[in-house]
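Before any comments, here is the structure.
The values are calculated or read from the model by the stated rules, or taken from the named source; none is laboratory data. It should be emphasised that the depicted structure is a prediction, and the values quoted were computed from it without experimental measurement. Ideal geometry is used to build each Cβ from the backbone, glycine not excepted, and the neighbour counts take in all protein chains shown.
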Amino acid sequence: MMQAIQIVRPALALLHDSLSDEQKQRLDALGTEESHNGGATAAAGSTGASTLATICDRQAASFTKLPVQDIEEIVKPKDQQQTAFENLKQASAQAADELKTSCAAQPPATPVARLEAASNRLQALVQAVKTVRPTLGAFYASLSDEQKARFNSMGQQNTTRSENAAGSR
């Protein structure tokens, strides 16, 4: 996606620069309307800025939200594994904070600025992965084979629980 942005950005900037002021306003407004409609998951009637902030907050939380209680109950980290587990929780919280700060306070006004904001967001996501990956690896490496098997099955158990809950409705 970052490569696609690098390819598209110069052409979009040239197109935008070639437009008359009236055409630029229409194009800019079109993109703003689409970003408001695309953010329909936020509360109805919210402003573009609050919609954007809500989406960013949800992404940050969901990307780094560790099922800490589930890990403790299912994996049962031993005393010597607690340090690695605490480091993982701290790295997760740090990544969430970095993702939150990468969110624009206001929706960018132009298509080029929106593309730049998307690029910044993607870079923040990559950085969040780089922040969490080493501590997750260290925690995972500290687990016994039995604990690793329980850890590996956690996502499958959560998916099964969600499917069962949805089917019983």
Checklist entry - Can we say A42 is at pLDDT 70 or above, surrounded by 15 or more Cβ atoms within 10 Å (Cβ to Cβ) and within 20 Å of the chain's Cα centre (by Cα)? => result no
Item to check | Qualifying residues in the range 67-104 (those that are among the small types (G, A, S) and within 22 Å of the chain's Cα centre (by Cα)) - the one modelled with the highest pLDDT | outcome: A91
Item to check | the range 71-92: number of residues that are surrounded by 14 or more Cβ atoms within 10 Å (Cβ to Cβ) and free of Cβ contacts under 8 Å to residues at least 60 places away in the same chain | outcome: 7
Checklist entry - Can you spot a residue in the range 126-143 that is at pLDDT below 90 and of a type in the set (S, T, N, Q)? => result no
